[in-house]
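Enquirer: Quick one: the structure is below, questions incoming.
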Amino acid sequence: MKGTAKSDLFRELPAVDELLRAPDVARLTAETGTAAVTDAARAVLARLRQEIASGLLDRPALQIALRGVRGAIEEQLRLALGYSLRTVINATGVILHTNLGRAPLAEAALAHIRETAGYYSNLEFEIEAGVRGKRDVHVERLFQRLLSDVAKVSGGAAGLRPGGTAEAAVPTSTQGTPASAKISTIVVNNNAAAVLLALNTLAEGGEVIVSRGELVEIGGSFRIPDVMAKSGATLREVGTTNRTRIADYEKAIHERTRLLLRVHRSNFEITGFTEQASTAELVELARKRGLSLMEDLGSGALVDLESLGVAGEPSVLDSLRAGVDVVTYSGDKLLGGPQAGLISGRADLVARMRSNSLFRALRVDKLTYAALESTLLAYIKRDHDAIPVLKMMRITKDEIGKRAEVLAGQVQSPNMKAEVSDGESLMGGGAAPSAVLPTRLLVLSCEGLSADELAARLRASDPPIIARVEEGRVLLDLRTVFLEQDQMIAAALGRIAL
């Protein structure tokens, strides 16, 4: 298109004021306000100018676009004034899908948020005494009950006091005086924050010894060495990527050593010619040298996952029973609660973290406490099916297959083909990297659409349906689809197949 022709097209574009006076647009202004409609009209006109400049619009196409300008402004308003954060249907089979919000909250957690956040609450108020309180108390009592089963281990490791209070393994200081043994827990905004707070409190100005094979990178390019640098502690790497012995830790200890750190490799595996110091060996070394032992578990399960078909994921209790002094873990992974970083361990060490000024900067709000309190109560009541993540893990392959067969039978169009085949669900979220759960997959194809195009059509549904695309096939795994969403998928497939 020649420059003069483009100039002619630019002159055909109406002014913003002219658009606002048009009857259809004026009605939009009455509904949503002048400022919002004006911004939307400017955005639409700017887009038309760009399309003219790029040669995408000739005169006939521009006339069509101008006839639909009211609808374009309305769509721009919908995008500008609508929620960006919205519900999606997770049909990927990845239970802890980081990009899709990780663990869905239990119904009881949502109800507790509504009842405490919609009104005033006793977040930091002691009702009986009528004085200011501490927000920790709402979950500390529950953690005390859940973590009180720290079995007694020979050699002074974790045990229970006569009254049932959790008592962790206690290192003997160089002077031979044992520290306090009660287990305590505090909450910050995520596990990276928990690691940062713990390292800053326990090792600022000193060295932290960690195996080279545990210098992990988590989502968003955050790395353990970077977090440690921010904490003010110095990283002391020992061993090699695939082999680190207890002797490597012992040789690295000197007068500036403050902490031994074990990082659970929750998002990858090292196999083959490998060796790793055991937790028991690290506990013994920490006791002998008067040091604290910290473990970054990452995923942080509170139940035995072996019964759910997931092996190799230690629980928080496993670590505390073994004698680890401080354990950090996430709230929105295998725990099945809200995003949070949890620090459980010796009460004297946790008390030091609570008094650290970083704790206030990293603390969580009433929404998190409400959701976390409700989630922990479900564990105490042993109502594990109330926690969506645990319920999804427990669904059998046959149950998923029956739902997939029903959905496949509802695809009536000759343009759409739906079959059911065997497959695997994943844990995701940096938890149990090698763990898979057997499932049945709905395999879709649509005449005239590639797999990527079909997946895009599914994402364009309301609500968006997020599928897997593998080897040119679109796969839906109903393990991560809530039962009431099955019919939404059927309706979306019906629309796409037309």
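The values are calculated or read from the model by the stated rules, or taken from the named source; none is laboratory data. Quick caveat: nothing in here was measured; it's all calculated off a predicted structure. Note that each Cβ is placed from the backbone with ideal geometry, even for glycine, and that neighbours are counted across all protein chains shown.
Enquirer: If a residue must be in a helix (DSSP H, G or I) and of a type in the set (Gly, Ala, Ser), how many such residues does segment 103-113 contain?
Expert: Taking segment 103-113 first, the residues in a helix (DSSP H, G or I) are 107-113.
The next check asks that each one be of a type in the set (Gly, Ala, Ser); those that pass are 108-109, 111.
Counting residues in segment 103-113 that are in a helix (DSSP H, G or I) and of a type in the set (Gly, Ala, Ser) gives 3.
Enquirer: Of the numbered conditions (1) in a loop (DSSP other than H, G, I, E, B); (2) in contact with a strand residue (DSSP E or B) (Cβ under 6 Å, 6 or more places away or on another chain), Ala418 fails exactly one; give the number of that condition.
Expert: (1)
Enquirer: Within segment 73-109, count every residue that is among the hydrophobic types (A, V, I, L, M, F, W, C), free of Cβ contacts under 8 Å to residues at least 60 places away in the same chain and either under 30 Å from Val389 (Cα atoms) or exposed (fewer than 15 other Cβ atoms within 10 Å of the Cβ) (or both).
Expert: First pass over segment 73-109, keeping only residues among the hydrophobic types (A, V, I, L, M, F, W, C): 73, 77, 79-81, 85, 88-89, 91, 94-96, 100, 103, 105-106, 108-109.
From what is left, the residues that are free of Cβ contacts under 8 Å to residues at least 60 places away in the same chain are 73, 77, 79-81, 85.
Within this subset, residues satisfying the condition of being either under 30 Å from Val389 (Cα atoms) or exposed (fewer than 15 other Cβ atoms within 10 Å of the Cβ) (or both) are 79-81, 85.
Looking only at that region, the number is 4.
Enquirer: Right, something else. How many residues does segment 460-498 hold that are assigned to a helix (DSSP H, G or I) and touching a residue at least 24 places away in the same chain (Cβ under 8 Å)? Lay out the reasoning, then the answer.
Expert: In the first step, residues of segment 460-498 are kept if they are assigned to a helix (DSSP H, G or I); the result is 478-480, 483-497.
This time we only want the ones that are touching a residue at least 24 places away in the same chain (Cβ under 8 Å), so: 478-480, 483, 485-486, 488-490, 492-497.
Final tally of qualifying residues: 15.
Enquirer: So which strands (runs of 3 or more DSSP E) are wholly in segment 169-272 and hold at least 3 residues that are assigned by TED's automatic domain parsing to the domain that holds Arg141 and at pLDDT 90 or above?
Expert: In segment 169-272, the matching strands (runs of 3 or more DSSP E) lie at 183-188, 207-211, 257-263.
Enquirer: Say we look at segment 192-207 and pick out the residues that are surrounded by fewer than 21 Cβ atoms within 10 Å (Cβ to Cβ) and at negative phi; which of these is nearest to the chain's Cα centre (by Cα)? Working first, answer last.
Expert: Going residue by residue through segment 192-207, those that are surrounded by fewer than 21 Cβ atoms within 10 Å (Cβ to Cβ) are 204-207.
Narrowing the set further to residues that are at negative phi leaves 204, 206-207.
Details: Glu204: 28, Gly206: 31, Glu207: 30 Å.
Result: Glu204.
Enquirer: Same structure again: If Ile395 satisfies all but one of (1) touching a Phe, Trp or Tyr at 6+ places or on another chain (Cβ under 9 Å); (2) β-branched (Val, Ile, Thr); (3) closer than 17 Å to His97 by Cβ, what's the number of the condition it fails?
Expert: (1)
Enquirer: Scanning for something among the polar types (S, T, N, Q) and part of a loop (DSSP other than H, G, I, E, B), does segment 93-102 turn up at least one residue? Steps first, answer last, please.
Expert: Residues of segment 93-102 that are among the polar types (S, T, N, Q), as a first pass: 98-99.
From what is left, the residues that are part of a loop (DSSP other than H, G, I, E, B) are none.
No, segment 93-102 has no match at all.
Enquirer: So which of Leu367, Leu335, Leu377 is assigned to a loop (DSSP other than H, G, I, E, B) and in contact (Cβ under 8 Å) with a residue 24 or more places away in the chain?
Expert: Details: Leu367 fails: assigned to a loop (DSSP other than H, G, I, E, B); Leu377 fails: assigned to a loop (DSSP other than H, G, I, E, B).
Testing whether each residue is assigned to a loop (DSSP other than H, G, I, E, B) and in contact (Cβ under 8 Å) with a residue 24 or more places away in the chain leaves just Leu335.
Enquirer: Which of the residues belonging to segment 390-404 are more than 13 Å from Ile489 (Cα to Cα) and either aromatic (Phe, Trp, Tyr) or in a helix (DSSP H, G or I) (or both)? So that I can check it myself, show each step before the final result.
Expert: Applying the first criterion (more than 13 Å from Ile489 (Cα to Cα)) to segment 390-404 yields 390-402.
Within segment 390-404, Leu390, Lys391, Met392, Met393, Arg394, Lys397, Asp398, Glu399, Ile400, Gly401, Lys402 meet the criteria.
Enquirer: Cβ-Cβ below 7 Å, separation at least six or inter-chain, first residue in segment 44-72 and under 15 Å from Ala22 (Cα atoms), second not in a helix (DSSP H, G or I): which pairs?
Expert: Once the first residue is under 15 Å from Ala22 (Cα atoms) and sits in segment 44-72, its partners that are not in a helix (DSSP H, G or I) give Leu45/Leu13.
Enquirer: Restricting to segment 324-356, count the residues that are among the small types (Gly, Ala, Ser) and touching a Lys or Arg at 6+ places or on another chain (Cβ under 6 Å). Walk me through it before giving the result.
Expert: Just the residues of segment 324-356 that are among the small types (Gly, Ala, Ser), to begin with: 330-331, 336-337, 340-341, 344-345, 347, 351, 355.
The next check asks that each one be touching a Lys or Arg at 6+ places or on another chain (Cβ under 6 Å); those that pass are 347.
Residues in segment 324-356 being among the small types (Gly, Ala, Ser) and touching a Lys or Arg at 6+ places or on another chain (Cβ under 6 Å): 1 in total.
Enquirer: Among Leu442, Leu476, which is crowded, with 19+ Cβ neighbours inside 10 Å, closer than 25 Å to Leu308 by Cβ, touching a helix residue (DSSP H, G or I) at 6+ places or on another chain (Cβ under 6 Å) and of a type in the set (A, V, I, L, M, F, W, C)? First the steps, then the outcome.
Expert: Details: Leu476 fails: touching a helix residue (DSSP H, G or I) at 6+ places or on another chain (Cβ under 6 Å).
None of the others qualify; the one that does is Leu442.
Enquirer: Exactly one condition in (1) at pLDDT 90 or above; (2) among the aliphatic types (A, V, I, L, M); (3) part of a loop (DSSP other than H, G, I, E, B) is not met by Val283; state its number.
Expert: (3)
Enquirer: Quick one: is Ser425 touching a Lys or Arg at 6+ places or on another chain (Cβ under 6 Å) and closer than 30 Å to Arg223 by Cβ?
Expert: Working: touching a Lys or Arg at 6+ places or on another chain (Cβ under 6 Å): yes; closer than 30 Å to Arg223 by Cβ: yes.
Against the criterion (touching a Lys or Arg at 6+ places or on another chain (Cβ under 6 Å) and closer than 30 Å to Arg223 by Cβ), Ser425 qualifies.
Enquirer: Same structure again: In segment 359-394, what residues are surrounded by fewer than 17 Cβ atoms within 10 Å (Cβ to Cβ) and hydrophobic (A, V, I, L, M, F, W, C)?
Expert: Of everything in segment 359-394, those that are surrounded by fewer than 17 Cβ atoms within 10 Å (Cβ to Cβ) and hydrophobic (A, V, I, L, M, F, W, C) turn out to be Ala361, Leu367, Ile380.
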